[in-house]
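Notes follow once the structure below has been shown.
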């Protein structure tokens, strides 16, 4: 079972419907015990970084998510949820994030229409299980005004938009997508299926211990 974290900000039903479509058991929850018992965590999000961190803090979810990530459990942040994985953000005011990935979230540079909204090619930079079975540059659907300024070794793929904006990031069991897989048609569903496989592998290894 995958826990979709509910902190009052995010297109939760779209994510859960996409997971249900590919046969994944999931629950939308902010309950600590349910999250602990889950086989994986998805952290969605739409809105501003400072408000999201405030909501997570008030629900007692920050330390819980950090602890669960440390267990090796597959953890997938989507859109704002991806940005929350990083150390901090400059949106509105400097705000500390979950610190699961190195880097700071910054505003997209001037000169292009902001937000970056719509379909863009996702350019693969290094091997990632989430892109298994996909072309080198599939099209995905973005809606964002900020991007992750992070080390190259955590960037699996991205899209140029005044700057090379990381679209897929990862480190160990932590994954993030700046775009919306649940809105990216068959490409997005394939990525969610690939995440489903990661979860199944991790769950099997845990049961065999």
Relative contact order (%) - the stretch 2-207, alpha-carbon pairs under 8 angstrom, separation at least six: 19 percent
Give, in nm to one decimal, the length gained when the segment between residue 70 and residue 145 is fully stretched (0.36 nm per residue of separation minus the Cα-Cα distance). 24.1 nm
Given the options 197, 123, 93, state which has the largest fluctuation in a GNM of the chain using a 10 Å cut-off (strictly under) for Cα springs. 93
Estimated [θ] at 222 nm from DSSP helical runs (n ≥ 4, -39500 (n - 2.57)) normalised by residues in the chain, nearest 500: -9000 deg cm²/dmol
Is the shape of the stretch 117-181 rounded, prolate or oblate, going by the alpha carbon gyration tensor and its root eigenvalues a ≥ b ≥ c, with a/c under 1.5 for rounded and a/b larger than b/c for prolate? oblate
Taking a crude spin-label model, label points 7 Å out from Cα along the C-beta direction, the residue 186 to residue 94 distance in nm is 4.7 nm
Approximate spin-label separation residue 200-residue 20, in nm, with each point projected 7 Å along Cα-to-Cβ: 2.1 nm
Would the stretch 169-209 count as rounded, prolate or oblate if I go by the C-alpha gyration tensor, calling it rounded below 1.5 in a/c and otherwise prolate when a/b exceeds b/c, oblate otherwise? oblate
So if I take the centroid of the Cα atoms in the stretch 132-204 and the same for the stretch 20-44, what is the distance between those two points in Å? 19 Å
Expected unfolding gain across residue 114-residue 31 under the 0.36 nm per residue rule, minus the alpha-carbon gap, is 26.4 nm
Share of antiparallel DSSP beta bridges in the chain, in percent to the nearest 5? 60 percent
Could you work out the percent of alpha carbon pairs in the chain separated by over 20 Å, rounded to a whole number? 52 percent
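Values in this text are rule-based calculations from the coordinates and carry no lab data. Note that the structure is predicted; figures quoted are calculated from it, not measured. Glycine also receives a Cβ, built like all others from the backbone with ideal geometry; neighbour counts cover every protein chain displayed.
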